[in-house]
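Data block below; observations after.
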Amino acid sequence: MTAETALFAALCALTLLGLLYLGSPILSAGGRRFEARDTELDELMIERERSYTALADLDFDRDCGKISERDYERLRADLMQETAHILAEMDARIEERGGSPTAPAGSIDDDLLEREIEAFKKARGQYR
């Protein structure tokens, strides 16, 4: 075997190894090693973000005097109830998958929601 043939064989082997390495995600188990997404939980998380945003915006609107205290109380009570329902649904979904819920069953109360909303506001870097 000449030096040129040996060099060519080595380059072919390296190219083949490189292609196998780059193609391994496609070749390995049909891509089954990637964890399946829980779209229902993803949708609930989006709903939770929307609900937290609505509550934060409602608090801001009240503080700016854009809405009356009576309207604020009514709207906030409705949003808090909706948010509690979303969190309960998320916890149920998490428990189904073997995870730990954020609160014991049936114990999502106003104090927990208030802490979650305040944490959300701080994370957003807005309003206070």
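The values are calculated or read from the model by the stated rules, or taken from the named source; none is laboratory data. Not measured: the values here are computed from a predicted model. All Cβ positions, even for glycine, are placed from backbone atoms using ideal geometry, and neighbour counts span all protein chains on display. Heads up: the accessible areas ignore ligands, DNA and RNA and are worked out on the full protein's heavy atoms, side chains in. Shrake-Rupley method; radii C 1.70, N 1.55, O 1.52, S 1.80 Å.
Miscellaneous remarks
- The trypsin sites (Lys or Arg not before Pro) of segment 38-67 that meet both conditions, a loop assignment by DSSP and at most 14 other Cβ atoms within 10 Å of the site Cβ, are Lys66.
- Met80 - accessible surface, heavy atoms, 1.4 Å probe, Å² rounded to 10: 20 Å²
- Distance between the pseudo-spin-label points of Leu19 and Thr39 (7 Å out from Cα toward the beta carbon): 3.5 nm.
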